[in-house]
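Contents: one structure, followed by commentary.
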Amino acid sequence: MARIANGCEQWGFFQLVNHGIPVELLERVKKVTTECYKVEREGEFFKSSTPVKLLKELIDKKSDEKLENVDWEDVFLLTNDNEWSPKTPGFKETMTEYRAELKKLAEKLMEVMDENLGLQKGYIKKIHYPPCLDHSDKVTGLRAHTDAGGIILLFQDDEVGGLEILKDGEWTDVQPIPNAICINTGDQIEVLSNGRYKSVWHRVQAMPKGTRRSIASFYNPSYNAIIEPATELVQKENKLVNQFGYPKFLFGDYMSVYTEQKFMSKEPRFQAVRAAH
């Protein structure tokens, strides 16, 4: 528990091993996601995606410029409302099983956070965090940002690196640990914890070789959830923690701002929802 507290308070990012998700399931997840990308995504990405087109234009012009405000990635979202890769055998069954395991892990983590923060058991969960699984099969370049939601559970590639977090003003590599689940806390946990658990800036460097598989699962509040610092933590009046003064807002309002300002500083986003509320 102390190591999780340190990860949340000092880093905003840590890797979990011995997390209880069967290795056999994780191996199946790797297999079906890799097959899905190869069969259904790769050809279209290199044929007609915006990043590829823009890069080709730079090469044709023999320009030394770099692509700005573009991420070299291929992303698709898995929810209950869309089709789950019908062309890849076992994809839906495997990812449904994986999502159920992540839900249990996220809820166990929230109970540990409750206890570490001195909150009543179940405090974070009661805000209503339904799981939403984002499967990013082609991520070899993503601009620096913090995550908007609650708890993020990342199953990253074992071999192709590139993920970095900002720690004490310097970018630090997140070295892949086979079958570990990377955990980071989003902006809503920062607000709820009154600043004790900061959401961390992170990015993905473009790699010259290999396709980086990244399966990020977002355990987020309901859009109607009211987000504010926990009363018990505000009452402690820790001025070192609460220098900013976090607002009270609806998560849906925050997401509307985040969609437009994802790659910008988070403080103006908090100010925007403060004004809206």
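Annotations for the structure displayed:
- Selection of strands (runs of 3 or more DSSP E) fully inside segment 159-257 by the criterion of at least 1 residues being without any contact (Cβ under 8 Å) to a residue 12 or more places away in the chain returns 170-173.
- Matching residues, segment 73-88, being loosely packed, with under 12 Cβ neighbours inside 10 Å and either closer than 30 Å to Leu54 by Cβ or of a type outside the set (Asp, Glu) (or both): Thr79, Asn80, Asn82, Glu83, Pro86, Lys87
- Qualifying residue in segment 96-111 (condition: at pLDDT 90 or above and not in a helix (DSSP H, G or I)): no
- Selection count, segment 1-54, where residues are open to solvent by 60 Å² or more (accessible area, probe 1.4 Å), under 30 Å from Glu111 (Cα atoms) and in a helix (DSSP H, G or I): 10
- From the list Glu57, Glu68, the lone residue that is part of a loop (DSSP other than H, G, I, E, B) and open to solvent by 40 Å² or more (accessible area, probe 1.4 Å) is Glu68.
- For first residues located in segment 31-53 and farther than 27 Å from Asn179 by Cα, partners that are among the aromatic types (Phe, Trp, Tyr) and at pLDDT below 80 and lie 6+ apart or on another chain with Cβ distances below 7 Å form the pairs Pro51/Trp72; Val52/Phe45; Val52/Phe46.
The values are calculated or read from the model by the stated rules, or taken from the named source; none is laboratory data. Model, not experiment: these values are computed from the prediction. As a convention, Cβ positions derive from the backbone with ideal geometry for all residues, glycine included, and neighbour counts pool all protein chains shown. Ligands, DNA and RNA are excluded from the accessible area calculation, which covers all protein heavy atoms including side chains. Shrake-Rupley method; radii C 1.70, N 1.55, O 1.52, S 1.80 Å.
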